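*Asks:* My questions all concern the structure below.
A short reminder: the numbers here are calculations on the coordinates, not readings from a lab. Keep in mind that what you see is a predicted model, and the values were worked out from it rather than measured. Cβ placement follows ideal geometry from the backbone for every residue including glycine, while neighbour counts extend to all protein chains displayed.
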Amino acid sequence: MGEVLSQNEIDSLLNALNSGEFDAEEMKESAAEKQVKNYDFARPAKFSKEHLRTMEFIFEHYGRLLSTNLPAYLRKTVQVEVENSEAVTYSEFSNSLSNPVLLGVVNFEPMPGSIILELATNLGYAMVDRMLGGLGEPMEKSREFSEIEILIIERIMNACINLMSEPWKNVAEIHPRLERIETNSQFAQFISPSEMIAIITISIKVGDVEGRMNICLPYMTLEDVMDRLNTKYWFTSMQARGEQEYTEILESLLSKAPMPVKAVLGKSTISVNDFINLQVGDIIRVDTKVDQELDVYVGNIKKFTALPGASGEQYAVRVTSVIREEQ
């Protein structure tokens with residue numbers, strides 16, 4: 001914000017303009033000059049607000065997938081919500097970590113480098129307890145995770161990571177893969193401390209236990225797709241892909257739909273008494289001849305005419321004409 005002038009300063013400025021000490025045209029020219037902006041080289045602005053906003057949209061989609069898929073593993077309701085996004089240096093992120101910690105290092109193929117998933121330890125304890133048949137309650141006192149607990153958390157993390165491909169489809173085709181899980185923050189130096197990262201904070205509630213998942217996305221990993229991380233490209237790509245996939249899915253489902261087809265050999269009218277007394281070997285005379293075309297129905301709509309015959313040891317009909325709607 002510019003400096004606010006007092007009433008005395010405003011009066012002095014007006015008097016100077018009236019007396020000719022200041023030239024209004026010169027002031028306009030100086031105001032039109034390009035303003036200099038301070039730039040912090042220690043924290044370069046590599047992620048714009050548009051980039052962060054688009055990543056929030058992506059992870060909102062991801063959150064919906066988590067809330068529908070995780071209950072199958074945990075057998076409890078799971079609520080997921082994106083809280084915020086911000087751009088910081090990696091050193092700020094790593095310095096905020098405490099011990100023990102749950103850090104999943106994820107290979108973001110085909111993009112270079114890896115991303116990091118930090119899961120709150122209380123959620124980790126609750127998920128392990130739930131997977132082992134407990135009520136899903138966190139530990140009262142934080143402690144190191146055992147090897148068995150790490151293997152259980154690894155299974156849950158793999159399930160979470162496998163869901164990432166779909167939300168990122170509109171930006172890039174990715175094949176994320178969990179490389180390892182670190183529980184000690186001292187070994188969390190995966191990238192340069194000065195590297196800029198985007199952090200997406202997601203709130204996860206499993207039953208009554210609530211915690212956060214921080215997703216750390218380094219700039220060097222996303223550099224090749226930064227131009228696609230804008231809402232205009234994302235929504236346009238999503239709409240085009242959505243319409244195409246929707247059409248393909250419909251066609252695939254329709255091609256597998258069973259259709260009842262029946263050929264009517266003929267019709268006849270008999271009395272109720274004759275119908276009741278029908279026996280094996282009795283003959284019912286119908287109103288069609290042997291060489292006469294039959295009506296073939298798809299559902300309840302007459303679509304074809306056909307001649308009766310046989311195919312091997314089975315009865316069959318040979319289609320002779322197609323009945324159009326205008327007929």
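*Asks:* So, by mean Cβ neighbours within 10 angstrom, what's the order for 268-275, 84-91, 300-307 with the highest one leading?
*Replies:* Answer by packing, highest mean first, reads 84-91, 300-307, 268-275.
*Asks:* Here is a follow-up. List the extent of the Cα atoms of segment 261-322 along each of their three principal axes, largest first, rounded to whole Å.
*Replies:* 39, 28, 20
*Asks:* Would you mind working out the magnitude of the charge dipole of segment 49-247 relative to its Cα centre, with +1 at each Lys and Arg C-beta and -1 at each Asp and Glu C-beta, to the nearest 20 Debye?
*Replies:* So the magnitude is around 360 debye.
*Asks:* Quote the FRET efficiency, to the nearest 0.05, computed for MET220 versus MET259 with a Förster distance R0 of 51 Å and r equal to the Cβ-Cβ distance.
*Replies:* My answer for the efficiency is 0.40.
*Asks:* Of LYS169/LYS256; LYS256/LYS302; LYS141/LYS169; LYS46/LYS76; LYS46/LYS141, which pairs sit farther than 30 Å apart, going by alpha carbon to alpha carbon?
*Replies:* LYS141/LYS169; LYS46/LYS76; LYS46/LYS141
*Asks:* Something else about it: Along the Cα-to-Cβ line of ARG177, 7 Å from the Cα, sits a label point; which residues in segment 84-109 have backbone N less than 16 Å from it?
*Replies:* Of the residues in segment 84-109, 105-109 have backbone N under 16 Å from the label point off ARG177.
*Asks:* Of the listed peptides 111-117, 310-316, 161-167, 216-222, what is their order by residue-averaged count of other C-beta atoms within 10 Å, with the highest listed first?
*Replies:* Descending mean neighbour count gives 216-222, 111-117, 161-167, 310-316.
*Asks:* While we're here: Normalise the Debye intensity by I(0) for segment 49-247, one equal point scatterer per Cα, no solvent, then take log10 at q = 0.09, 0.13 Å⁻¹ and round to two decimals.
*Replies:* Debye curve over Cα of segment 49-247, log10 I(q)/I(0) at q = 0.09, 0.13 Å⁻¹: -0.33, -0.70.
*Asks:* Considering only C-alpha atoms, what is the centroid distance from segment 255-317 to segment 148-189, in Å?
*Replies:* Between the Cα centre of segment 255-317 and that of segment 148-189, the gap is 61 Å.
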